[in-house]
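The values are calculated or read from the model by the stated rules, or taken from the named source; none is laboratory data. Note that the coordinates shown come from a computational prediction; the quantities given were computed from them, not determined experimentally. Please note: Cβ atoms are built from the backbone with ideal geometry, for glycine as well, and neighbour counts cover all protein chains shown. Just the protein is used for accessible areas: all its heavy atoms, side chains included, with ligands, DNA and RNA removed. Shrake-Rupley method; radii C 1.70, N 1.55, O 1.52, S 1.80 Å.
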Amino acid sequence: MVPIPNTRQDHKLLTGLGVAVLLVGIFVPPLPARPPLPQSNQSAPVAQPPPSPLTLDGVIQLIKKSKSDSQSVASAIATRSVDFELDEKAEKKLRKAGADDELLIWKVTPGGKANVRALLTSPTGTDVQASAGEAMALQEIQNEGAPDRRLRMVDAFEKKFPNSPLLSYVYTEAAKAQQQNGAFDEAIQYCRKSLKLDPDNTFSLIVMALVLPQPKLKGSANEVAGRLSEAAADANRALTLLEKLQKRPEETDEQFQARKGSLTAEAHFALGMEEMPFDNSVWSQHA
């Protein structure tokens, strides 16, 4: 016999269970919320704008604050550069603040840097490893118009910088000065000293080619023939090297071509002298 279910009792049981479940649902604490994932502290680096160039007053203040540490001034200038060029007024202010020649001319202004790069580059484009002080001294010699004064400056350079890589070009200036003075033997001696240090010194080759055939140089027929042959070889070598001549920073293309053309003409003139009779009036134009 199948028992008849007691619906009232079952209803009470289900009702009780429902209340119990409901109470459990009320009193069971909620699960703790999951903490948010930690964010990375390594954010993308923010690009810093480059430091602004130093003004003239800024450089002056740096020099005054670091008179005993010129290297730190040079480092700051190299990092930031400057926003001015070196005119006479700016130079006076910088010198008054304590700037030396090397810092003043070669490390401060863009024009000065370009100028020293030109002085420390051979005519054929080879870098010359010399100090800014040596380069500045060479430039002063080159800018001196009086030949006797230039010769004294050459002597002073040689004593101050006896091992300078720029000596070849300093001797070129001495050779030109002696050529101006009509002292051709002395000019040849300076050219030989110059070419011993740098056989590819284009300017010394041209001076040598112009001076060797001078009629004032006495000697036997064989000696004269030897000088003419050497002059022709020097002129030909100079013409080859002139193809590599470098433009100076301050030169326009037209000025560079004019300078190169003048040097080429001198080399061709010297080359043609081997076939020409000695004529003082001709040579006096190129002495």
Seminar exercise, completed: Computed on Cα atoms, Rg of region 49-89 relative to 2.2 N^0.38 Å comes out at 1.15
Exercise. Can you list the equivalent-ellipsoid semi-axes of region 174-269, largest first and in whole Å, using the square root of 5 times each Cα gyration tensor eigenvalue?
Worked result: 25, 14, 12
Exercise. Could you name the lysines in cross-link range of Lys244, using Cα to Cα under 16 Å and dropping any fewer than eight places away on the same chain?
Worked result: Lys260
Seminar exercise, completed: By the mean-Cβ-within-10 Å protection proxy, highest first, 159-168, 233-242 rank as 233-242, 159-168
Exercise. If you rank Ser220, Ser66 by how much accessible surface each has, with a 1.4 Å probe, what is the order from largest down?
Worked result: Ser220, Ser66
For this session: Give the accessible surface of region 152-246 per residue, rounded to a whole number of Å², with probe radius 1.4 Å and ligands, DNA and RNA excluded.
Result: 46 Å²
Exercise. Can you pick out the pairs among Lys65/Lys89; Lys176/Lys218; Lys89/Lys159 whose Cα atoms lie more than 27 Å from each other?
Worked result: Lys89/Lys159
Problem set entry | Zone residues, region 207-251, relative to Thr264, backbone N less than 18 Å from point 7 Å out along Cα-to-Cβ | 207, 235-248
For this session: Just need the relative contact order of region 199-262 here, percent rounded to a whole number, with Cα pairs under 8 Å and 6+ apart.
Result: 37 percent
Exercise. Within the accessible area of region 200-249, what % is carbon and sulfur when the probe is 1.4 Å and the other protein chains stay in place?
Worked result: 48 percent
Seminar exercise, completed: Length gained, Lys159-Glu230, 0.36 nm per residue minus C-alpha separation, equals 22.5 nm
